[in-house]
1. For the peptides 238-247, 95-104, what is the packing order when you average, over each peptide's residues, the other Cβ atoms within 10 Å and list the highest mean first?
2. For segment 154-272, what is the accessible area per residue in Å², given a 1.4 Å probe and the full set of protein chains?
3. For a quick check of your reading of the filter: which trypsin sites (Lys or Arg not before Pro) in segment 30-69 sit in a DSSP loop and have no more than 12 other Cβ atoms within 10 Å?
4. How about K187: which aspartates and glutamates have a C-alpha closer than 18 Å to its C-alpha, ignoring those fewer than 8 places off in the same chain?
5. Cα-based Rg (one decimal) and Dmax (whole number) for segment 154-272, in Å?
6. Give me the percent of the accessible area of segment 154-272 that comes from carbon and sulfur atoms, probe 1.4 Å, all protein chains in place.
7. Could you tell me how far the Cα centroid of segment 155-202 sits from the Cα centroid of segment 6-47, in Å?
8. Classify segment 37-95 as rounded, prolate or oblate, taking a ≥ b ≥ c as the square roots of the eigenvalues of its Cα gyration tensor: rounded when a/c is under 1.5, otherwise prolate if a/b is larger than b/c and oblate if not.
Amino acid sequence: MSLHNTNITSKNYKKLSIQVSLNGFSFCCFDTLNNTITAFDEVQFDTSQKQNKIEDLYASAFKNYPELKETYDDILVIHNNNLSTFVPTPLFDEDYLGSYLQYTTKVFDTDFFTFDQISNYEMHSVYIPYININNFLIDNVGSFDYKHVNSILVEKILEGSKNNDEKKMVVNFSPERFEIIVVQNQKLLLFNSFEYQTPEDFVYYLLFTAEQLNLNPEIFHLELLGTINQNDPFYAIAYKYIRNVSFLDVSTLKEKNNYTTAQNQKHYILFQS
């Protein structure tokens, strides 16, 4: 989806991606000529101040980052929430976007729905973007395209599954929730998002999902992404119940930037948006 105001400027080979959520944002500047990352930062809001409007939190944070005021050829805004679902193209109808989401999320009459076309894989991602954040950004950075975080995630994982006939489970872990993606040679077998509190919740959903897809915990491969690390009780419990656990390989992504393996796992979506 695009939000545009028209101005014609010469190309400067710079792109900005901003990943937005209700409790903060991260952004990344790319040199599109050399395909490298030139700047990156992340901002956590103090969400204890519930009375603050989200636009105000963004406005005060934006003042601190001169990069956000520069001129870019392309700006991509990535909406990070769990209000999304995937629909195979043959079943997709633009007039019924809300109906796809009603099974996975609480849908209100006032919600605005949109979609990303994932053309290489014959499917659409239907989601609810943050309209108030889009409105703030159109006033502050000008025209941009926007996408859902899971559209980029699933597309990248499908690309990585090419010519691999094994079923593989990838978990993208973040502080409030995690996504489970199961792929087999560029086919998406399952996508789901879960909220959790404890390591036990986490492993319960992993094993429940494995059981639904007849995946044997002794055999299938689990690859981890996001904020999880090896010293983590969440990692320990997955490792206890699932034989083949590893971190998703980010070495080719790492060649394009100066960030650590952990940062490339945490910002996997933003860094290759």
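1. On the way: 238-247: 15.8, 95-104: 14.2.
Output ranking for 238-247, 95-104: 238-247, 95-104.
2. Details: 6190 Å² over 119 residues.
Heavy-atom accessible area per residue stands at 52 Å².
3. On the way: sites: K50, K53, K63, K69; in loops: K50, K53, K63.
Loop-located and lightly packed - K50, K53, K63.
4. Those aspartates and glutamates meeting the cut-off are D116, E122, E155, E159, D165, E166, E179, E223.
5. Gyration radius and largest Cα-Cα distance of segment 154-272: 13.6, 40 Å.
6. Values: 2730 of 6190 Å².
Of the solvent-accessible surface of segment 154-272, carbon and sulfur hold 44 percent.
7. 26 Å
8. Numbers: a/c = 2.80, a/b = 1.49, b/c = 1.88.
Cα axes put segment 37-95 in the oblate bin.
The values are calculated or read from the model by the stated rules, or taken from the named source; none is laboratory data. Small disclaimer: the values here were computed from a predicted structure and weren't measured. So basically every Cβ, Gly included, is an ideal-geometry build from the backbone, and we count neighbours across all protein chains shown. Areas reflect the complete protein model, heavy atoms only, side chains present, ligands, DNA and RNA absent. Shrake-Rupley method; radii C 1.70, N 1.55, O 1.52, S 1.80 Å.
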